[in-house]
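Heads up, the thing below is written out as structure tokens.
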Amino acid sequence: MLLTLAACGGDSGGSPQAAPTFSLDDVRTPGTRVTLPDEEPAIVNFLASWCGPCREELPELERISKEIAVVGVDVADNRGKAVELLDEAGVTFPVGYDPQRKVASGYRVNGMPTTVLVGADGTEVDRVQGQVTRETLRDWAARG
């Protein structure tokens, strides 16, 4: 697995934290790369097939992906089960495969689901640990 992960910027004096960039194999199509979009806001959602709240929030993430870029990161999961989950939920946004939690660690993910709003400037704008609500996603899309 080819993985590039930029270092997080430090939080010095309240300055915005840089969101790590990454390049992961697409969970559905090995060899296809999943990355953050350049110079546009994006929602990064960390998920796994064994995570009930992840499963429940996928329809909302799919809906909001029509308004703002959404990138999924499947963490420490069985690839086949992850693909089944995405297919069942009708997910069309890109989802990278992070079996060794390298990207999740770079984003300081302590539990799943975790969802992060990354600004067009590449900084982390906001995050939710736990299931993200429709209202939060709508707010993030409007801010993006």
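The values are calculated or read from the model by the stated rules, or taken from the named source; none is laboratory data. Just so we're clear, the structure is a prediction, and the values are computed from it rather than from any experiment. No Cβ is skipped: glycine too gets one built from the backbone with ideal geometry, and neighbour counts run over all protein chains shown.
Values as computed for the structure displayed
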quantity	calculated
Test set (1) modelled with pLDDT of 95 or more; (2) over 20 Å from Gly130 (Cα atoms); (3) charged (D, E, K, R) - Asp38 fails condition number	(1)
Looking only at region 54-72, and only at residues there that are out of contact with any helix residue (DSSP H, G or I) (no Cβ under 8 Å at 6 or more places or on another chain) and farther than 14 Å from Arg134 by Cα, the one that is surrounded by the most Cβ atoms within 10 Å (Cβ to Cβ)	Val71
Region 78-101 - residue that is closer than 20 Å to Leu117 by Cβ and hydrophobic (A, V, I, L, M, F, W, C) and, of those, surrounded by the fewest Cβ atoms within 10 Å (Cβ to Cβ)	Phe93
So Val75, is it more than 22 Å from Glu135 (Cα to Cα), without any contact (Cβ under 8 Å) to a residue 40 or more places away in the chain and surrounded by 14 or more Cβ atoms within 10 Å (Cβ to Cβ)	yes
Candidate set: region 21-40, residues that are of a type outside the set (S, T, N, Q), in a loop (DSSP other than H, G, I, E, B) and over 12 Å from the mean Cα position of the chain (by Cα); chosen: the one surrounded by the fewest Cβ atoms within 10 Å (Cβ to Cβ)	Gly31
Residue in region 103-118 that is farthest from Pro59 (Cα to Cα), counting only those that are buried (at least 17 other Cβ atoms within 10 Å of the Cβ) and either at pLDDT below 95 or not β-branched (Val, Ile, Thr) (or both)	Gly106
Test: residue in region 80-91 that is out of contact with any Gly (no Cβ under 6 Å at 6 or more places or on another chain), touching a residue at least 24 places away in the same chain (Cβ under 8 Å), among the small types (Gly, Ala, Ser) and under 20 Å from Ala142 (Cα atoms)	no
Scope region 22-53; condition touching a helix residue (DSSP H, G or I) at 6+ places or on another chain (Cβ under 8 Å) and more than 24 Å from Gly122 (Cα to Cα); matching residues	Arg28, Ala48, Ser49, Trp50
Residue within region 108-122 that is hydroxyl-bearing (Ser, Thr, Tyr) and either in contact with a strand residue (DSSP E or B) (Cβ under 6 Å, 6 or more places away or on another chain) or over 20 Å from Leu36 (Cα atoms) (or both) present	yes
Ala48 vs. criteria under 22 Å from Ala141 (Cβ atoms) and within 12 Å of the chain's Cα centre (by Cα)	no
